[in-house]
Ligand SMILES: [Zn+2]
């Protein structure tokens, strides 16, 4: 058996790592620390590039930084693969992630440049947290005071729009109804606007979470833009892409997060593109 995905590692960190003071670790030691990545766009060909960015090199540089930050988990919010979700893309991704996956569970959401069937040829189903949702790849991660729900908005491979779909929306509504009131964040690939390339059932998503004020934040990627906004009292966090930006003004990189019952602290790691915001901190409160 060579297939092996999301494998929880031995938990043994390399000795030197514990001595390095990075990011949010020292200040918010009690929080649930999560590395938030999106849009890695890994091609099978390591020389694959777009707009002068090499997604393989970018992720290869980000993985040791994530390991240094010692998060409890990492999440990739979709568009893990280059364009069409080829098996070779996922094999390359798995190899790049393996130093991290040996230490930290890595949860992969699916986006419009992923292919669900190919994805599962390379990555095994989650060992824990996997939810039974027809045709979708959904995970729930719970800690005291905090719950993360990784949703699946992949509708068509290599076309722009996304959809949660009725079965997933119904599952989410029932899940939110039956679970306790701990602060909940949703993670999904697609942007939540009303454009033809956004999450096509975004309004229905907001309608279904409205009776559940415990849903405090939604994280997403897709636009390759870093931004924090709000809608109907829900914090919206657009994660930068790891692979490349679409505009020179946007950072490329990842976000270190520390969740608590009172909110989430975010630290931007802008590793390429516009790096002006590198190291900037954002505190979203809901407690
Ligand atoms: Zn993308």
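Bear in mind these aren't lab numbers, they're just calculated from the coordinates by the rules spelled out. Note that this is a predicted model, so its numbers are computed, not measured. Every residue, glycine among them, receives a Cβ derived from its backbone with ideal geometry; neighbour counts consider all protein chains shown.
Among 173-180, 38-45, 193-200, 146-153, sorting by the average number of other beta carbon atoms lying within 10 angstrom of each residue, highest first, gives 146-153, 38-45, 193-200, 173-180.
Share of antiparallel DSSP beta bridges in region 31-285, in percent to the nearest 5?
Values: 34 of 58 bridges.
Rounded to the nearest five, the antiparallel share is 60 percent.
Applying 0.36 nm per residue to the separation of residue 158 and residue 128 and subtracting their alpha-carbon distance, the gain on full extension is 7.9 nm.
Going highest first, how would you order 155-168, 77-90 by mean Cβ packing within 10 Å? The partial results should precede the final answer.
Numbers: 155-168: 17.1, 77-90: 23.2.
The most tightly packed comes first, giving 77-90, 155-168.
Of the peptides 206-214, 225-233, 66-74, 133-141, the ranking by mean beta-carbon count within 10 Å, highest at the top, reads 66-74, 133-141, 206-214, 225-233. Under the shape rule built on the C-alpha gyration tensor, where the axes satisfy a ≥ b ≥ c, region 143-287 is oblate, since a/c reaches at least 1.5 while a/b does not exceed b/c.
Work out, in µm²/s and without decimals, the Stokes-Einstein translational diffusion coefficient of the chain at 20 °C, 1.002 mPa s, Rh from Kirkwood over C-alpha pairs. Write out the running numbers ahead of the final one.
Working: Rh = 18.7 Å.
It diffuses with D of about 115 µm²/s by this estimate.
Using the Cα atoms of region 31-153 to build a convex hull, what is its mean projected area in square nanometres? Please report the intermediate quantities before stating the final value.
Numbers: hull surface 30.2 nm².
So the mean shadow area of the Cα hull is 7.5 nm².
For the pair residue 174 and residue 120, label points projected 7 Å from Cα toward Cβ lie 1.9 nm apart. One decimal place: the segment residue 83-residue 212 gains 42.9 nm when fully extended, by the rule 0.36 nm per residue minus the C-alpha distance. Pull out a ≥ b ≥ c, the square roots of the eigenvalues of the alpha-carbon gyration tensor of region 102-207, then state rounded if a/c is under 1.5, prolate if not and a/b is larger than b/c, and oblate in the remaining case. Because a/c hits 1.5 or more and a/b fails to exceed b/c, region 102-207 counts as oblate. Rounded to the nearest 0.05, the FRET efficiency derived from the C-beta distance between residue 278 and residue 232 at R0 = 35 Å is 0.70.
With each label modelled as a point 7 angstrom along the Cα→C-beta vector, the residue 30-residue 285 pair spans 1.6 nm. Each label point was placed 7 Å from the Cα along the Cα-to-Cβ direction; for residue 102 and residue 246 their separation is 3.7 nm.
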